[in-house]
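Derivation of every value follows stated rules applied to the coordinates shown; laboratory data play no part. Here the structure is a predicted model, which is why all the values come from computation and not from measurement. Note: ideal-geometry Cβ built from the backbone for every residue, glycine included; neighbour counts use all protein chains shown.
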Amino acid sequence: MAKKETKKKTEKETNQEDQEKKIQSLREMISNAEKTIQGAKAMLLQLEGKKKSGRKKKINSDEDGKVIQGTFDGQIMIGEDGKQYPVPANYASKSKLVEGDMLKLTILDDGSFIYKQIGPVERRHAIGIANQDEDGNYCIVAEGKPYQVLLASITYFKVEPGDEVSIVTSRDIESSWAAIENVLQKSGEENNKTKSRKNITELKEENKEDTMSVIDEWAPDIESIEKEIKADRV
């Protein structure tokens, strides 16, 4: 009798332990799912170029979130773990990031992504002309080579096809991307100056032609008037 009671008690305890384990596993699954959703939302906000509402949490140390280091490839960060992480285009444009720059990404517990440039590479400056293809994609042609640029940079500097711009690229890396530093001359400025100079020249020529035409037209009348004046004197 005692053995049966002990066996029932043991089975009950075992079932209770199993249930507690299942509950704990479910809690962990829910917690991981919430973190995954928060991280996905944060990445979506970053890709859309939107900022999270509310006050940003101040980072005091690397313990405040997960820290990942990586290399900027012109658009995204390639982490040391081999994964790709989206870099806000506005941040990359304003910071003038170039290929090879080392970044540190801190992912906070609430899913926020915070980047910091920790290892800028040597840079090379150049001057180029903005171009746009049939699909609307921009590039800067400098020293005979086309460089891709972020659309955020085009928008920020209000670059238009034909504009002369200064760019910066990696000095020691064969780069296909460049960061825009500034617009040196708008495409229409020189054309307007040339057009103005042309218009002035054309006006001068037209005035000269009009003057000569008037003189030629009045020449016979002038001769008749001169004869009449001479006749009156006589």
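Details
- Note on Ile78 and Met102: their simple-model spin labels are 1.6 nm apart, each label 7 Å out from Cα toward Cβ.
- The stretch 123-185 - Kirkwood radius from inverse mean 1/r over Cα pairs (Å): 11.4 Å
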